[in-house]
Amino acid sequence: MIREAKEKRAPEAVFRQVVRERRRHFPGRFLRHRADLSDMPAPPIAKRQGRTSVKNILFVCSQNRLRSPTAEQVFSQRADLEVASAGTNHDADTPLTAELVAWADILFVMERTHRAKVQKRFRAALNGKRIICLDIPDDHDFMDPTLIRLLEAKLARHLPPSPA
């Protein structure tokens, strides 16, 4: 019964819950940004669906500790994107769920193994969504300037220019 109730939750509610858990477990690690304002009431879903220019972006790595949280922080400043991050491993800080996959319009994975895991575990939730592999190895620290430049360069091909 409880599991069925969790599965029926809206992706926005799941996203807000993930953000709240992150802020509780990692105080000071995550900057406060537009997608992190989980204590504010969310606008009605109908209003959100009317904004076709906003894209939901999900960044995926193994543990959700270094690469994908960095990408989430870097791109959270853009007004045209809602961003989240998750890890493919079961012991990741934020494990990847079907709800997060369903929420995302585009998934950016850091390695080919991540794409294979996502495709295998969440085939039904993907429903034809784009999975883009960035080929970024796991040898960068959280918010490493080299990693930030690499993410910005690789995502420039896939995302529209930031609105002014």
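Neighbours of residue 113, meaning other residues whose beta-carbon lies under 14 angstrom from its beta-carbon, give a summed charge of +3 when Lys and Arg score +1 and Asp and Glu score -1.
If the segment from residue 54 to residue 116 were pulled out straight at 0.36 nm per residue, it would be longer than the present Cα-Cα gap by 19.6 nm. Its Cα gyration tensor gives the range 49-114 an equivalent ellipsoid; the semi-axes, largest first and in whole Å, are 21, 13, 9.
Taking all protein chains as they are arranged and a probe of 1.4 Å, the heavy atoms of residue 97 leave approximately 50 Å² accessible to solvent. Using R0 = 35 Å, the C-beta based FRET efficiency linking residue 148 and residue 127 works out to 0.65.
The values are calculated or read from the model by the stated rules, or taken from the named source; none is laboratory data. Because the structure is predicted, anything quoted here is derived from the model rather than measured. Cβ: placed from backbone, ideal geometry, glycine included. Neighbour counts: every protein chain shown. Surface accessibility is based on the protein's heavy atoms, side chains included, excluding ligands, DNA and RNA. Shrake-Rupley method; radii C 1.70, N 1.55, O 1.52, S 1.80 Å.
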